[in-house]
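**Student:** I'd like to ask you about the structure that follows.
The values are calculated or read from the model by the stated rules, or taken from the named source; none is laboratory data. Remember, it's a predicted structure, so these values are computed and weren't measured experimentally. Glycine gets a Cβ as well: all are built from the backbone with ideal geometry, and neighbour counts include every protein chain shown. Side chains are part of the model used for accessible areas, which takes the heavy atoms of the whole protein and leaves out ligands, DNA and RNA. Shrake-Rupley method; radii C 1.70, N 1.55, O 1.52, S 1.80 Å.
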Amino acid sequence: MPDPFATLGFAQSRLLRHSSEQPESAVPSPDVPGARLVLLVGDRPVLQAGTALHEAAGVAPEGAAIRQRIFLGHIDDSPVFALGLHPDAGAAYEAEPFTILDLRSIATEGAVEPQELGLLATAKSMLDWHARHGFCANCGTPTETRAGGFRRECPNCQAHHFPRTDPVAIMLIRRGETCLLGRGPHFKEGMYSCLAGFLEPGETIEAGVAREIYEETRIRVGAVRYLASQPWPFPSSLMIGCIAEGLDEAIVTDPTELADARWFDREAVVQMLERRHPEGFFAPPPMAIAHTLMRAFLDGA
């Protein structure tokens, strides 16, 4: 089977990451020579000539409202920072050589190199976390940024808060020569994908796969095995891709979760991936892990 990471969006990165375990002295000044910058206006990255990496000097407009600056780590020995600006700053980047795009479009259109998608995922997820965690969950006091942005500390109760990733199980259920695909109420018309759901506290990946499938379709699940994972920065999830065996055939969908679900044979899956299904059904794009799972089914996984 081809490398499951070959087409996955956000799965590649050249970043040598900073961490909360390193001392404050390990955080360089953003003004050091050679510093690079990943720039987001609101939640949309700013690109320049097909790259998301900018020279730090002079990129942010004078007087721009900086929401957050984070030291991400190093690429080729150059320090890399993520800078989040207020959405109103977007006017400064509406003309050449700049382009502002939402992250989904960047990934789908291949607007940057695959290695930069992983960097953008880190930057966006970290900035989103800071935007949502400005107050201590223990006592409600405004927290302070530490470790270059990889930790927040409460000056009142001394609690430490760290960025979090939410695990999501996404699974292709196979039964003989067919696989189970569904569509949520919010999907584009005609798109079918693998079923998915957040893992819950005290739950294994295998148990989460079985629970989600049963809740949404009343299909019982047997053996579950891991295939690949994908960071999903909307705002900060990790998609854990699995293949599982379906033990039942009859589908009973939960209408609050799914608009439809059905079994598809291999030929139908090929048609969906190639966008030539007679009913107009199609699969998620190659950058999505659901696409990788469907390819794996065709390859006999």
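**Student:** Taking segment 174-188, which residues are touching a residue at least 60 places away in the same chain (Cβ under 8 Å) and among the charged types (D, E, K, R)? Give the steps one after another, and end with the answer.
**Tutor:** Just the residues of segment 174-188 that are touching a residue at least 60 places away in the same chain (Cβ under 8 Å), to begin with: 174-175, 177-185, 187.
Matches in segment 174-188: R174, R175, E177, R183.
**Student:** Just to be sure I understand, how many residues within segment 176-200 are within 15 Å of H291 (Cβ to Cβ), among the hydroxyl-bearing types (S, T, Y) and outside any loop (DSSP other than H, G, I, E, B)?
**Tutor:** Selection size over segment 176-200: 1.
Yes or no, residue by residue, for (1) within 19 Å of L37 (Cβ to Cβ); (2) in contact with a Cys (Cβ under 9 Å, 6 or more places away or on another chain); (3) open to solvent by 40 Å² or more (accessible area, probe 1.4 Å):
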| residue | (1), (2), (3) |
| --- | --- |
| Q68 | yes, no, no |
| I75 | yes, no, no |
| V80 | yes, no, no |
| F98 | yes, no, yes |
| L103 | yes, no, no |
| P114 | no, no, yes |
| L120 | yes, no, no |
| C136 | no, yes, no |
| T141 | no, yes, no |
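**Student:** Hey, among the residues in segment 254-269 that are closer than 17 Å to V221 by Cβ and modelled with pLDDT under 95, which one's most open to solvent (accessible area, probe 1.4 Å)?
**Tutor:** Looking at the filtered set, the residue picked out is E257.
**Student:** Can E203 be described as of a type in the set (D, E), closer than 26 Å to D128 by Cβ and not in a loop (DSSP other than H, G, I, E, B)? Break it down stepwise before answering.
**Tutor:** Values: of a type in the set (D, E): yes; closer than 26 Å to D128 by Cβ: yes; not in a loop (DSSP other than H, G, I, E, B): no.
No; evaluated as a whole, the condition is false for this residue.
**Student:** Here is a follow-up. Suppose we filter segment 33-48 for residues that are open to solvent by less than 10 Å² (accessible area, probe 1.4 Å) and either free of Cβ contacts under 8 Å to residues at least 60 places away in the same chain or in a loop (DSSP other than H, G, I, E, B) (or both); how many remain?
**Tutor:** Adding up the residues that qualify gives 5.
**Student:** Here is a follow-up. Mind listing whichever residues of segment 121-142 are among the small types (G, A, S) and under 23 Å from Q230 (Cβ atoms)? Full working, then the answer.
**Tutor:** Applying the first criterion (among the small types (G, A, S)) to segment 121-142 yields 121, 123, 125, 131, 134, 137, 140.
Within segment 121-142, A121, A123, S125, A131 qualify.
**Student:** From A131, A95, A121, which residue is within 30 Å of A210 (Cα to Cα) and not assigned by the TED database to the domain that holds P285?
**Tutor:** Values: A131 fails: within 30 Å of A210 (Cα to Cα); A95 fails: within 30 Å of A210 (Cα to Cα).
Step by step, each of A131, A95, A121 is checked, and only A121 is within 30 Å of A210 (Cα to Cα) and not assigned by the TED database to the domain that holds P285.
**Student:** How many residues does segment 159-193 hold that are among the charged types (D, E, K, R) and either in contact with a strand residue (DSSP E or B) (Cβ under 7 Å, 6 or more places away or on another chain) or crowded, with 20+ Cβ neighbours inside 10 Å (or both)? Give the derivation first.
**Tutor:** Restricting attention to segment 159-193, the residues satisfying the condition of being among the charged types (D, E, K, R) are 164, 166, 174-175, 177, 183, 188-189.
Then drop every residue that is not either in contact with a strand residue (DSSP E or B) (Cβ under 7 Å, 6 or more places away or on another chain) or crowded, with 20+ Cβ neighbours inside 10 Å (or both), which leaves 166, 174-175, 177, 183.
Number satisfying all stated conditions: 5.
**Student:** Of all residues in segment 82-96, how many are over 15 Å from S13 (Cα atoms) and open to solvent by less than 20 Å² (accessible area, probe 1.4 Å)? Break it down stepwise before answering.
**Tutor:** In the first step, residues of segment 82-96 are kept if they are over 15 Å from S13 (Cα atoms); the result is 83-96.
Imposing the further condition that a residue be open to solvent by less than 20 Å² (accessible area, probe 1.4 Å) reduces the set to 83-85, 89-90, 93.
Counting residues in segment 82-96 that are over 15 Å from S13 (Cα atoms) and open to solvent by less than 20 Å² (accessible area, probe 1.4 Å) gives 6.
**Student:** Something else about it: I'm trying to understand the selection: among the residues of segment 37-67, which are of a type in the set (A, V, I, L, M, F, W, C), within 22 Å of R14 (Cα to Cα) and at pLDDT 85 or above?
**Tutor:** Of everything in segment 37-67, those that are of a type in the set (A, V, I, L, M, F, W, C), within 22 Å of R14 (Cα to Cα) and at pLDDT 85 or above turn out to be L37, V38, L39, L40, V46, L47, A49, A52, L53.
**Student:** Then there is this: Specify which of the listed residues (E206, E200, E212) is assigned by the TED database to the domain that holds P284 and surrounded by fewer than 16 Cβ atoms within 10 Å (Cβ to Cβ). Talk me through it step by step, then tell me what you get.
**Tutor:** Numbers: E206 fails: surrounded by fewer than 16 Cβ atoms within 10 Å (Cβ to Cβ); E212 fails: surrounded by fewer than 16 Cβ atoms within 10 Å (Cβ to Cβ).
Just a single option satisfies the conditions, and that option is E200.
**Student:** Follow-up. Go through segment 219-246 and give me each residue that's farther than 30 Å from S13 by Cβ and loosely packed, with under 14 Cβ neighbours inside 10 Å.
**Tutor:** First, pick out the residues of segment 219-246 that are farther than 30 Å from S13 by Cβ: 219-223, 245-246.
The answer is R220, G222, A223.
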